[in-house]
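The values are calculated or read from the model by the stated rules, or taken from the named source; none is laboratory data. Just so it is clear, the model here is predicted, and its values are computed rather than measured. Cβ coordinates were reconstructed from backbone atoms using ideal geometry, including for glycine residues, and neighbour counts include every protein chain displayed.
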Amino acid sequence: MITTTTTCINPNHPNNFHSSSHIPNLRFSSSSYRVGGAPRSLRCSASQSVMDNGGGLSLFPLHRTKTIHLVRHAQGIHNVEGDKNYNAYMSPEYFDARLTELGWQQVDNLRKHVHSTGLINKIDVVITSPLTRLLGIVIWFLHGLVHGLSFPMTIQTAVGVFGGEGYTDKTDILPLMIANAGNSGRAAISSLNSPPILAVEQCREHLVIQEASVRSDAGPSISWGVHPCDKRRSIGEYQCLFPAVDFSLIESDDDSAWKADVRETKEEVATRGKNFFNWLLTRKEKEIAIVTHSGFLFHTLATLGNDCHPLVKKEISSHFANCELRSMVIVDRSNVGSEFSSTNYPGKIPSGLDAPSDAAGDQNQEKNTPNSLPK
């Protein structure tokens, strides 16, 4: 079972990523960042009305939690055309849609935020949907050999935001992205000092569920379809363009799971999303960035936080803007993971008498009570 906790931040604080509201008997601890707009902020109260409308205090062992930073990909060409006419999402022209120029500006702004707040130094792994708009760089030509192709925006966003600095071929370290891919004017991105970036199918956009076996290391096998912008290219193509991105958990080179005429229901998306979060709980990393899609985030998060105050519920589940980042905590209440605490200390070292004061007081009272029975 997954519990999400989310926070309230002070918009007037000079560093609103790290700031939090301090309230008697109640404290939340997460934040959000929206590119192109002010961070959303909520003022929390521990009043009786808050308790009556959901929420209240929760306490969980630290080692049963993970901090996740959810990011929706930057603006893609399918977003622009889809806003004008929803039928554009059905067009093969937007197959595995690329980022727009504005999308790249959003990537650059979020990258600055991630570095200025120090968040980049906390993240253990970045998990991305294997679509170009999420990976980080628009690919129009590959060294002049591949023409007219667009590539994964989610990978574009992940590499652009969380990747290293400029790449040099004087080192043995692979680049996350090749230099000047597609005459995009973007320098190659190094993997040096970057958290590992792992592509995973389970956080893709709307899918179509099929009966399939479950892989313990990569989550349930699935398939998706209808919108061409949600279809990916072969993993082999991606590996040439994003050499240091880890595609090892993707079973099929071709996108055999995508179907042109079937699409997941909202309920199926939510179930897949919660299964994905449960899979995250089994991983060793404690702080994880996830770069994914609007529909996947909205339908998954809509099912969570229902026991919270309505304002906190809204903070969790409202729609994400392009390149928006929200930091949250998921809690393993069902012992899905097998984590041991790295900070708990057992005490009684060296061993000695250590009866709790209340227990010792009870024993002393019994001794001084006439006719008390011997133990």
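Key figures
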| read-out | value |
| --- | --- |
| Leading residue by the ranking (farthest from THR65 (Cα to Cα)) among those in the range 332-375 that are in a loop (DSSP other than H, G, I, E, B), at pLDDT below 80 and among the aliphatic types (A, V, I, L, M) | LEU373 |
| Qualifying strands (runs of 3 or more DSSP E) (wholly inside the range 58-153; at least 3 residues being at pLDDT 95 or above) | 65-72, 125-128 |
| Residue list for the range 261-307, restricted to those being closer than 15 Å to HIS319 by Cα and surrounded by fewer than 16 Cβ atoms within 10 Å (Cβ to Cβ) | LYS266 |
| Close pairs from the range 106-122: first in contact (Cβ under 8 Å) with a residue 24 or more places away in the chain and farther than 12 Å from ALA289 by Cβ, partner among the small types (Gly, Ala, Ser) and not in a helix (DSSP H, G or I), Cβ under 8 Å, at least 6 apart | GLN106/GLY36; GLN106/ALA74; VAL107/ALA74; VAL107/GLY136; ASN109/GLY36 |
| Some residue of the range 223-242 being at pLDDT below 90, surrounded by fewer than 21 Cβ atoms within 10 Å (Cβ to Cβ) and assigned to a loop (DSSP other than H, G, I, E, B) | yes |
